[in-house]
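No lab work stands behind these numbers, since they all come straight from the coordinates. The structure displayed is predicted, hence computed values, not measured ones. Glycine also receives a Cβ, built like all others from the backbone with ideal geometry; neighbour counts cover every protein chain displayed.
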Amino acid sequence: MGDRSIENKVLALKEKLSGAENVVVLTGAGISAESGVPTFRGEGGLWRTYRATDLATPEAFENDPKLVWEFYGWRRQLLAPLDPNPGHYALAKLERRIPRFTLITQNIDGLHQKAGSANILELHGNLWWVRCTRCGSLTEDRTVPLPELPRCGSCRGLLRPHVVWFGEMLEPKILDQAYEAIRECGVMLVVGTSGTVQPAASMGVIARKQGATVAEVNLDPTPYTDAYDISISGKAGEILPRLL
């Protein structure tokens, strides 16, 4: 029964996408977990004896930038060899077929870019970019390992990871672009998100209120499952390629 019902939902969503002019996709940690990216919520979220949530803060960086950079250096080493999975590739393919397509992601791993997605709004930044704490310049830097305390090429200021830490605001410009895309889309896919981190968690509801068809693809139900038109239980890497 379950397989039949999933098949029907996949077909219904496929039909919606085939006629869609403007599609928004929101992705979360679930799609990356299928590529082997560790999630830092839950029981296994320890590095040495630190919780990720204690190190991913402006205060931690101010107190001990070397320790915070060691943590991010370790994360970069984990991510460097990883590849996008069929879910990432399916979204890149979908983008090439839809006239207007926006990918909003909570992930910082850069796997969507690696898969070929182009129009991406990264709500939480990107692990492979660094930002100068003095002059503010932004640079892509895939060096692994990085120096203990990486410095800016122009002003020698201390660099920090270009990610949004706990207690920091999301970049207003990126958030505005995300909301604009959501307000204008006809179909929205919410993929691999737990539905617990705001403001991303309620973006699907906003799209639904604007009249869009909203579909969720996730392993487990989320707090918003009942608010969406279609909810498909499964792995992004297995479900998304079937939509093509």
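Structure notes:
- Result for the chain in a Gaussian network model with C-alpha springs under 10 Å: among Pro81, Pro99, Pro150, the largest mean-square fluctuation is at Pro81.
- Rounded to the nearest 20, the size of the Cβ-charge dipole of the chain about its Cα centre is 440 debye, with Lys and Arg at +1 and Asp and Glu at -1.
- Cβ-based charge dipole, the chain, positive-most Cα from Ser233, His88, Val190: His88
- The helix-only estimate of mean residue ellipticity at 222 nm for the chain, built from DSSP H runs of length n ≥ 4 each weighted as -39500 (n - 2.57), is -10000 deg cm²/dmol after division by the residue total.
- Cut-off under 5 Å, modelled amide H: who pairs with Leu26 long-range: Ile104, Leu189, Val190, Val191
- If R0 equals 35 Å, the separation of the Cβ atoms of Thr49 and Asp226 corresponds to a calculated FRET efficiency of about 0.30.
- For region 193-244, a crude dipole built from +1 on the beta carbon of Lys and Arg and -1 on the beta carbon of Asp and Glu, taken about the Cα centre, is about 140 debye to the nearest 20.
- Kirkwood-type hydrodynamic radius, region 1-129: 16.7 Å, calculated from all non-identical alpha-carbon pairs.
- Here the Karplus curve 6.51 cos²θ - 1.76 cosθ + 1.60, taken at θ = phi - 60°, turns the phi angles of region 229-244 into couplings of 6, 9, 10, 10, 8, x, 7, 4, x, 9, 7, 4, x, 6, 6, 8 Hz, with x standing for Gly and Pro.
- Taking the number of Cβ atoms within 10 Å of each Cβ as an exposure proxy, the fewest-first ranking of Thr27, Thr57 is Thr57, Thr27.
- Normalised per residue, the volume of the convex hull around the Cα set of the chain (Å³): 125
- DSSP-loop GluC sites (Glu not before Pro) across region 137-209, with at most 12 other Cβ within 10 angstrom: Glu148
- Given R0 = 25 Å, the distance between the Cβ atoms of Glu148 and Glu59 translates into a calculated FRET efficiency of 0.80.
- Beta bridge orientation in region 109-234: antiparallel %, DSSP, nearest 5: 50
- Placing +1 on the Cβ of every Lys and Arg and -1 on the Cβ of every Asp and Glu, with no other charges, gives region 125-198 a dipole of roughly 340 debye about its Cα centre.
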